[in-house]
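Q: Before I ask anything, let me first share the structure, which is written out below as structure tokens.
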Amino acid sequence: MKTELKNRMRTWFRPPFWVALGILCISGFAVPTAAQDDTAEAAATDAVETSEVQSSEAGNGSDVTAPNTEEAVEVPETVALKQQSWVFQPYDVRIWLAIEDSPRLASIDRNTLYAEIEQLIQGWVPYGWQTTISEPPQEILADAIYNARDLSMQDITLLYEPPKEDPNVVKIKEEAETATDDAESVQGEEEDAVTADSEESTEDAEVEVDPFAYLIKPNLLKQADKLYVVSVRDNGRDIELQAVGFDCNGRVRVEDAVRELRNVADIAHNCFDAIKDIFRPVAKITFNAVTDGKQAGLQLRSAGLVNPELNPDSPLIIGNDSVFRPVVRRNDREGFPLIGGIIEVVWTYIYVQQTKPYGVLEGEMISTFSSIRNPVGSRPNSRTEKYGLLVPVRHENTLLKIAANDLEDYQLEGYNVFVRNAKASIDADDNPIDPVGQTDWRGAIPIEIGPTTLRIVYVKNGERVLARLPFVPGAFEEIDAFLPNDDVRLEYEAFFAGIMNSILDITVQRKVLETRINIKIKNGEITDAEKIFKEELMSLRSRKDIEDVLNEKENQKINNKRLNGTVLRKIDDMFARTNGLIKTYLSEDIRSTVEKAIKDAGGLQQE
């Protein structure tokens with residue numbers, strides 16, 4: 001009896017129990033309303049796991065830190081406790097180091113290499129990362145060595161989670177199976193009657209087979225924050241090192257880096273340098289377009305582990321003028337991402353304007369989309385997670401390339417580009433718009449780094465603003481923007497401008513000639529009045545001449561397949577306005593009026 005009681009006490013009071021109890025004490029037994037994000041989750045205070053078994057992936061490779069073989073302890077976790085865990089627990093970082101089997105690389109002591117990388121990481125971000133280094137699972141080892149930069153998030157996900165089928169495909173399969181069952185129902189009933197006895201005798205002998213037994217357990221994607229796949233290959237002359245990063249919270253591939261070195265002894269430093277280069281801090285987004293408008297909140301991961309005054313250069317410290325790109329993740333009931341549920345929102349950024357203790361950031365959501373169309377602005381719920389990934393500046397400028405979205409390989413040349421800097425605060429006045437220049441023959445124009453990290457680019461063609469594009473100059477060497485081809489509209493705009501100028505010119509000339517003729521009639525110079533009428537007034541373009549030109553252009557419009565709905569409506573509006581001007585100013589009454597005045601004076605005698 002004493003031995004059994006001892007064993008139970010050992011089970012209850014293991015280290016994970018004290019960790020959970022310590023977190024509860026630090027949080028001050030906060031109530032769920034203390035959480036700043038996931039409003040809809042505030043009602044769900046069910047018991048969830050606060051720690052999972054940390055082990056090497058499927059037993060492949062050796063780890064720097066010995067795996068914890070004790071069973072996880074489940075404790076009640078409120079939303080406030082989840083928030084504390086997000087802020088005060090270190091990043092769970094996994095590094096898969098895939099080394100090619102070559103004579104030069106065979107001399108590497110993996111444990112020593114792992115320890116060197118771990119030491120470099122600890123010196124860079126002490127207490128901020130809980131790092132586990134191992135060899136990749138055997139299922140993906142070859143791809144990790146030879147195709148590391150081609151790995152996608154989907155490749156990693158399929159190691160741990162079953163593949164999902166499109167709901168439409170599932171529905172079609174179910175309908176096909178139902179039709180087959182109905183067609184075979186008669187035959188099936190007869191066969192069932194014959195084989196009923198034999199099935200009952202073998203029912204107990206049947207063993208259920210798990211169709212997903214091949215999946216690796218535990219699920220790394222539910223445990224880790226970051227995953228880095230590092231490939232080390234010997235290409236004969238140099239050693240090539242490739243690193244690619246994945247964010248496990250947002251389930252997205254982040255960036256990759258390449259290093260070339262000569263000595264095996266430099267692998268650890270280059271591996272650390274590549275990982276450091278592609279590390280992107282992650283934050284939870286608290287934003288609701290209905291209630292917050294343009295204001296967005298961020299909660300940085302592991303920000304409570306660093307003192308900004310003592311460690312101002314820590315990668316876990318983010319200040320004002322920083323920029324995050326949002327990622328929206330929509331899950332099913334089991335917490336797995338839905339098909340198409342990972343949305344990397346393009347041309348949308350959060351510009352940090354205010355920082356608070358423990359990694360709480362506030363800023364403005366700047367997007368080319370309206371709040372209704374922006375996925376980040378959707379109402380919060382328990383199955384939607386919103387994350388932000390830091391966008392760094394790594395180049396001197398960014399080459400913006402503008403192309404047509406309705407024509408293949410059609411660059412928009414000669415478009416005017418303007419730029420505006422982001423506001424220092426949400427209540428500040430908008431900064432002035434400065435001209436940058438025109439796009440060249442490639443449809444390209446360089447956008448330089450400005451006073452603020454985030455800049456808003458405006459693209460105009462003629463008098464029309466085609467796009468408002470926020471982005472970070474220097475984040476990428478090049479960035480492509482596909483915009484509506486506005487050349488056709490500009491062509492029609494120039495045509496109508498010419499027609500309107502012609503109407504104005506004809507109207508002025510008519511008035512001048514009418515005045516001259518009336519003066520000649522008054523002075524009794526009837527012959528001169530007739531000459532002006534015949535040679536000058538009658539030679540001016542008539543209303544019918546202008547209408548013929550408009551009708552011809554309208555016929556071209558009908559046959560032009562490059563016109564879409566928006567541009568077509570604008571062109572139709574131009575036709576309507578031009579026809580109105582013609583009816584107002586190009587009346588034929590002026591000719592008949594002048595002719596009648598000359599006849600009344602005795603001129604223009606009929607032969």
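Q: Can you confirm whether GLY341 is in a strand (DSSP E or B), of a type in the set (Gly, Ala, Ser) and over 30 Å from LEU158 (Cβ atoms)?
A: Details: in a strand (DSSP E or B): yes; of a type in the set (Gly, Ala, Ser): yes; over 30 Å from LEU158 (Cβ atoms): no.
No; evaluated as a whole, the condition is false for this residue.
Q: Next question. Looking at this structure, is ASP480 surrounded by fewer than 16 Cβ atoms within 10 Å (Cβ to Cβ), among the acidic types (Asp, Glu), over 23 Å from the mean Cα position of the chain (by Cα) and at pLDDT 90 or above?
A: Numbers: surrounded by fewer than 16 Cβ atoms within 10 Å (Cβ to Cβ): yes; among the acidic types (Asp, Glu): yes; over 23 Å from the mean Cα position of the chain (by Cα): no; at pLDDT 90 or above: yes.
When the stated conditions are applied, ASP480 does not pass them.
One line per residue, one yes/no per condition, for (1) in contact with a Gly (Cβ under 7 Å, 6 or more places away or on another chain); (2) more than 29 Å from ARG301 (Cα to Cα); (3) among the aromatic types (Phe, Trp, Tyr):
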{"residue": "ILE121", "(1), (2), (3)": "no, no, no"}
{"residue": "TRP124", "(1), (2), (3)": "no, no, yes"}
{"residue": "GLU135", "(1), (2), (3)": "yes, no, no"}
{"residue": "LEU141", "(1), (2), (3)": "no, yes, no"}
{"residue": "ALA144", "(1), (2), (3)": "no, no, no"}
{"residue": "MET153", "(1), (2), (3)": "no, no, no"}
{"residue": "GLU161", "(1), (2), (3)": "no, no, no"}
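Q: If you don't mind, another one. Looking only at the range 349-364, which residues are of a type in the set (Gly, Ala, Ser) and either closer than 20 Å to ASP429 by Cβ or out of contact with any helix residue (DSSP H, G or I) (no Cβ under 6 Å at 6 or more places or on another chain) (or both)? First the steps, then the outcome.
A: Step one: filter the range 349-364 for residues of a type in the set (Gly, Ala, Ser), giving 359, 363.
Matches in the range 349-364: GLY363 only.
Q: Name the one entry in LYS544, LYS534, LYS557 that is in contact with a helix residue (DSSP H, G or I) (Cβ under 7 Å, 6 or more places away or on another chain), at pLDDT below 85 and not hydrophobic (A, V, I, L, M, F, W, C).
A: Numbers: LYS544 fails: in contact with a helix residue (DSSP H, G or I) (Cβ under 7 Å, 6 or more places away or on another chain); LYS534 fails: in contact with a helix residue (DSSP H, G or I) (Cβ under 7 Å, 6 or more places away or on another chain).
After ruling out the rest, the residue left standing is LYS557.
Q: For the structure I just gave you, tell me whether ILE479 is of a type in the set (A, V, I, L, M, F, W, C) and under 18 Å from LYS423 (Cα atoms). Talk me through it step by step, then tell me what you get.
A: On the way: of a type in the set (A, V, I, L, M, F, W, C): yes; under 18 Å from LYS423 (Cα atoms): no.
Spelling it out, it is not the case that ILE479 is of a type in the set (A, V, I, L, M, F, W, C) and under 18 Å from LYS423 (Cα atoms).
Q: Listed residues LYS356, LYS401, LYS423, LYS386; which is exposed (fewer than 14 other Cβ atoms within 10 Å of the Cβ), among the basic types (Lys, Arg) and in contact with a strand residue (DSSP E or B) (Cβ under 8 Å, 6 or more places away or on another chain)? Explain how you work it out, then say what you get.
A: Numbers: LYS401 fails: exposed (fewer than 14 other Cβ atoms within 10 Å of the Cβ); LYS423 fails: exposed (fewer than 14 other Cβ atoms within 10 Å of the Cβ); LYS386 fails: exposed (fewer than 14 other Cβ atoms within 10 Å of the Cβ).
Matching residue, one of LYS356, LYS401, LYS423, LYS386: LYS356.
Q: Would you mind finding the one in GLU344, GLU260, GLU255, GLU334 that is free of Cβ contacts under 8 Å to residues at least 60 places away in the same chain and more than 30 Å from ARG104 (Cβ to Cβ)?
A: Values: GLU344 fails: free of Cβ contacts under 8 Å to residues at least 60 places away in the same chain; GLU260 fails: more than 30 Å from ARG104 (Cβ to Cβ); GLU255 fails: more than 30 Å from ARG104 (Cβ to Cβ).
The unique qualifying residue is GLU334.
Q: Next question. Determine whether the range 456-469 contains at least one residue that is closer than 23 Å to GLU255 by Cβ and either touching a residue at least 40 places away in the same chain (Cβ under 8 Å) or not in a strand (DSSP E or B) (or both).
A: Scanning the range 456-469, I find at least one residue that is closer than 23 Å to GLU255 by Cβ and either touching a residue at least 40 places away in the same chain (Cβ under 8 Å) or not in a strand (DSSP E or B) (or both), so the answer is yes.
Q: Somewhere in the range 388-401, is a residue within 18 Å of the chain's Cα centre (by Cα) and among the acidic types (Asp, Glu)? Before the answer, list the steps.
A: Taking the range 388-401 first, the residues within 18 Å of the chain's Cα centre (by Cα) are 388-393, 398, 400-401.
Within this subset, residues satisfying the condition of being among the acidic types (Asp, Glu) are none.
Checked the range 388-401: no residue is within 18 Å of the chain's Cα centre (by Cα) and among the acidic types (Asp, Glu).
Q: Next question. Could you check the range 513-589 for helices (runs of 4 or more DSSP H) lying wholly inside it with 2 or more residues that are in contact with a Phe, Trp or Tyr (Cβ under 6 Å, 6 or more places away or on another chain)?
A: Numbers: elements: 526-532, 543-559, 565-585.
So the answer is 565-585.
Q: Out of GLU309, GLU362, report the one residue that is part of a loop (DSSP other than H, G, I, E, B) and not assigned by TED's automatic domain parsing to the domain that holds THR452.
A: Checking each option against the conditions leaves just GLU309.
Q: Another one. For the range 525-558, which positions are surrounded by 11 or more Cβ atoms within 10 Å (Cβ to Cβ) and of a type in the set (Gly, Ala, Ser)?
A: Scanning the range 525-558 gives ALA529, SER542.
Q: Next question. Condition first: farther than 17 Å from GLY123 by Cβ and either buried (at least 21 other Cβ atoms within 10 Å of the Cβ) or of a type in the set (Lys, Arg) (or both). Now tell me which residues in the range 303-314 satisfy that.
A: Hit for the range 303-314 is ALA303, nothing else.
Q: Of the conditions (1) assigned to a loop (DSSP other than H, G, I, E, B); (2) more than 17 Å from PRO281 (Cβ to Cβ); (3) among the polar types (S, T, N, Q), GLN242 satisfies every one except a single condition; which number is it?
A: For GLN242, the exception is condition (1).
Q: If you don't mind, there's one more thing I want to ask. Can you name the residue in the range 262-277 that is in contact with a Leu (Cβ under 8 Å, 6 or more places away or on another chain) and either closer than 20 Å to ASN147 by Cβ or modelled with pLDDT under 95 (or both) and is also surrounded by the fewest Cβ atoms within 10 Å (Cβ to Cβ) among such residues? Full working, then the answer.
A: Going residue by residue through the range 262-277, those that are in contact with a Leu (Cβ under 8 Å, 6 or more places away or on another chain) are 264, 267-272, 274.
Of the ones still in play, those that are also either closer than 20 Å to ASN147 by Cβ or modelled with pLDDT under 95 (or both) are 264, 267, 270-271, 274.
Numbers: VAL264: 16, ILE267: 22, ASN270: 20, CYS271: 26, ALA274: 21.
So the residue we want is VAL264.
The values are calculated or read from the model by the stated rules, or taken from the named source; none is laboratory data. As the structure is a computational prediction, the values presented were derived from the model and not from experiment. For neighbour counting, all protein chains shown are included, and Cβ atoms are generated from backbone atoms with ideal geometry for every residue, glycine included.
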